[in-house]
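A short worksheet on the structure shown next.
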Amino acid sequence: MKKKHLILPVLSTVLLAPAFLDHQVAADEVKPATAVANVNEPAQKPAETDLAQAGGVSADEASVNAAIAANAQEVSGASDASLPEATILHTNDVHGRIVEEKGVIGDAKLATVIKEERAKNPQTLVVDAGDAFQGLPISNSSKGEERAKILNEIGYDAMAVGNHEFDFGLDEAKKYKEILNFPLLSANTYANNARVFQASTIVDKDKNVEGDEFVVIGVTTPETATKTHPKNIQGVTFADPITEVNRVIDEVEARAAAEGKTYKNYVVLAHLGVDTTTPVEWRGSTLAEALSKNAKLKGKRVTVIDGHSHTVESTTYGENVTYNQTGSYLHNIGKVTFKANQLLGNPQQIPAATAKKANPDPVVAEMVKKIKEKYDAENAKVIVANSPVELNGDRENVRVRETNLGNVVADALYKYGQTGFANKTDLAVTNGGGLRETIAKDKPITKGNVIAVLPFGNTISQIKVTGQNIADMFAKSLGSILQEKDGKPVLDENGQPLLEPSGGFLQVSGAKVYYDTTLPAEKRILRIEIKNKETGTYEALDLAKTYYLTTNDFLAAGGDGYTMLGGAREEGPSMDVAFAEYLESADLTAYAAINPNSRTISMSASKDTDGDGYTDIEEIQQGTDPKDAASKPGQSNPANPTNPTNPTNPTNPINPTVPTRPINPTVPTRPSNPVVPSQPNHPVVPETKPQEQPSVEKPNTAQPAANKATYQAPAQVRPAELASKQGTLPKTGSKNPVLLSLFGLVLGTLGVSSLKKTQKD
């Protein structure tokens, strides 16, 4: 029995050991793959956001402008007497800001400012560096076509193709070429070995003036491959920006030489940016520096008008290259002026605060009014009567860390994923770059607000992934370089370095990701946990397990560089529909903290909050409380396993003593019953039996004794023979020994009686 008592504990240990070992592997060996080079579109820097909010020029920018102007004076010696005065007005990354708002100039006043500048100098060139049509629901409602008509009315001279010009598909991007009255330029965008767009154009403001022509070249960021939906650019490639721009310069110069012309003004409309997350060779600043070294441009004015990074930039390169970028969202209008005979220009910004004083252009104002009336009628529906919290979608926030807006949107995806697909969703993610607006506190939330947050029209998608895919995905999300200011890292509320803004930063639901930004990118992730749908508890990620991930179709298709995703997917409704439905039923007070640090959790790997000798992450991995010194690995929790001694209850199997009933099998010794056949011993009684022989009737008294002996011999032998073989029985004339014995007993009794009677006689 003791052996039986040992069987259950031993068996339990054997069965449970793999589970414990598996947990340890998940907790200790979740290591992200080496981070892929992050080429995601970063956000506007905080300082630049402050500038945008104020609608003015910062002190730093003012000093930069002053330095540029001084530099321009210093290099006046590097001049050409035939260079006339010139003005370039430029915009970039407007993203559909048609309507004037606080800090936003709007198209009607943009038109007025441009007309006023042209009145001062008719040779003013007006250009845009891309991302003009998409961004806000009011412009998205017509896929940007209505804004294209506004730009025609304003009178732009040329525009570069930005990555977001593809957001409504390649066919729509090509359609802009047909709508616009001016060239849409991109020298490095190819399909079927041919340029999709015009590479360059020559703008001649006055046919009677020699040397005032502008050679305008466009170039698009190769990041477009991951900065729009993959289906929008199928068959499209983006060649190296510097190589292609220099190639166009060679072509223009060769053609000019053939025609006997000389071009002295080059303007490169670049949608490249200066983000630190953008590969150096693809940055606008790198292009500007390369152009300053191009021998064919020596002695010519070269102006690089850039976009994509949403930054305010004013810089010069070499003796003849002026670089300028004017932020985003029509917070500013860029202006570069050239004095006669000077190679370097004087970059400036016309801020919203200044443009606000202008009267709106009546024609453009009427166009905007009609667009807005139609849009407002469609989007005035109130979803939430009053928002109790601010849901923060600031660019520099949603692209660097967990935010409450990101949590709400991700939760909407997660909730839909519980019923909307064949399999319940395990976790949901969305990219911070896809969240474009803040929802204000103490104001109604309308359909328009929802679309402003999610303007891209993405659909909800679910894909099947492995735990390893998830680990790689979060390694990508958290792999950005760190923000710095004055040579020092910018810290978050936890004292941890903040990541550089990246559109690919993931907002999460159904998972927890612990990370340390002080570690190398490939080692930052400390632990990943996935929520158990049934129990609601968070469990360590299993790298070999299959999970169901709900996200937007952009990421599901591998957008933003998430190449570990992709493959077959189920699709649901548009994200804005699911988001609106969630807002109607959600308790928004639960999202009061703007940066809760509860899902993507920034922490130090070496921090020991409770001072018990175990780091916080060690305690989290072991399931103990990192804030309670009394709760630590190897002490409190491990003791609980003593509870499993409850298996002593199986002592009930002592009842198996009842099964000692097999002792009853002694009953089966009944086979010894064959001794029953020894019943023939009873015939011993017939020892005196004369055995029905006639001699019994003889009067000779000696005869009975002889007869008794002769009967006994067979009687003693037959039982043995009966036990071994029954073949002798037939000699008795019967196959039934019992009947034979009874018959013999009767005869013997009769014989004895007869003998006694004879003896008496």
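For this structure, a couple of remarks:
- Condition met for ALA410 (modelled with pLDDT of 95 or more and not assigned by TED's automatic domain parsing to the domain that holds ILE460): no
- Among (1) within 19 Å of GLY558 (Cβ to Cβ); (2) free of Cβ contacts under 8 Å to residues at least 60 places away in the same chain - the single one THR438 does not satisfy: (1)
- Within segment 266-309, if we keep just the residues that are assigned to a helix (DSSP H, G or I) and among the acidic types (Asp, Glu), the residue that is farthest from GLY130 (Cα to Cα) turns out to be GLU289.
- Qualifying residue in segment 242-265 (condition: over 30 Å from PRO351 (Cα atoms), in a loop (DSSP other than H, G, I, E, B) and in contact with a strand residue (DSSP E or B) (Cβ under 7 Å, 6 or more places away or on another chain)): yes
- Helices (runs of 4 or more DSSP H) completely within segment 568-680 that count 2 or more residues being at pLDDT 90 or above and of a type outside the set (A, V, I, L, M, F, W, C): 575-585, 616-622
- Residue that is farthest from the chain's Cα centre (by Cα), among those in segment 136-188 that are surrounded by fewer than 22 Cβ atoms within 10 Å (Cβ to Cβ) and among the basic types (Lys, Arg): LYS149
- Filtering segment 445-454 for residues that are at pLDDT 95 or above and under 24 Å from SER604 (Cβ atoms) leaves an empty set.
- Out of ALA160, ALA108, one residue alone is in contact (Cβ under 8 Å) with a residue 40 or more places away in the chain and in contact with a Gly (Cβ under 7 Å, 6 or more places away or on another chain). It is ALA160.
- The criterion of being hydroxyl-bearing (Ser, Thr, Tyr) and either within 13 Å of THR189 (Cβ to Cβ) or in contact with a Pro (Cβ under 9 Å, 6 or more places away or on another chain) (or both) does not hold for THR262.
- Helices (runs of 4 or more DSSP H) enclosed by segment 346-437 - at least 2 residues per element that are surrounded by fewer than 21 Cβ atoms within 10 Å (Cβ to Cβ) and not basic (Lys, Arg): 352-355, 362-379
The values are calculated or read from the model by the stated rules, or taken from the named source; none is laboratory data. Just so it is clear, the structure is predicted and the values come from calculations on it, not from any experiment. Glycine also receives a Cβ, built like all others from the backbone with ideal geometry; neighbour counts cover every protein chain displayed.
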